[in-house]
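The values are calculated or read from the model by the stated rules, or taken from the named source; none is laboratory data. Here the structure is a predicted model, which is why all the values come from computation and not from measurement. No Cβ is skipped: glycine too gets one built from the backbone with ideal geometry, and neighbour counts run over all protein chains shown. Areas reflect the complete protein model, heavy atoms only, side chains present, ligands, DNA and RNA absent. Shrake-Rupley method; radii C 1.70, N 1.55, O 1.52, S 1.80 Å.
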Amino acid sequence: MSKSLIDKARSRREYSRKFKTPSEIVDILEQERGLLIHDRDEAEFWIRRVGYFHLKGYLDCLKDPDSRNKFRKGSSFEHVI
């Protein structure tokens with residue numbers, strides 16, 4: 001007999017990543033990954049409005065193929081919006 005939805009939900013692992021604010025996400029994109037962000041307030045607005053998860057698909061095409069976590073030189077958040 002298959003498990004009920006409640007049993008499946010109880011058996012799932014807890015999500016381990018810490019929530020990041022739009023400001024923290026902008027810091028990571030800019031400082032750690034090399035994405036140019038000309039208008040920080042606008043970037044935070046779009047992350048709040050659309051969500052990072054949805055924007056991530058558009059950001060992925062700007063990534064440097066030689067580095068998983070860095071963006072190509074000259075890539076900016078404005079290219080996504």
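Test E44 against the stated conditions and say whether it is open to solvent by less than 60 Å² (accessible area, probe 1.4 Å) and touching a helix residue (DSSP H, G or I) at 6+ places or on another chain (Cβ under 9 Å).
yes
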Residue satisfying all of: in the range 48-78; of a type in the set (K, R) and either surrounded by 13 or more Cβ atoms within 10 Å (Cβ to Cβ) or not in a loop (DSSP other than H, G, I, E, B) (or both); nearest to the chain's Cα centre (by Cα) among these: K56
Contacts under 7 angstrom Cβ, first residue in the range 18-47 being assigned to a helix (DSSP H, G or I), partner open to solvent by 50 Å² or more (accessible area, probe 1.4 Å) and at pLDDT 95 or above, 6 or more apart: P22/R48; V26/R40
Residue match in the range 37-60 (condition: in contact with a Pro (Cβ under 8 Å, 6 or more places away or on another chain) and of a type in the set (V, I, T)): yes
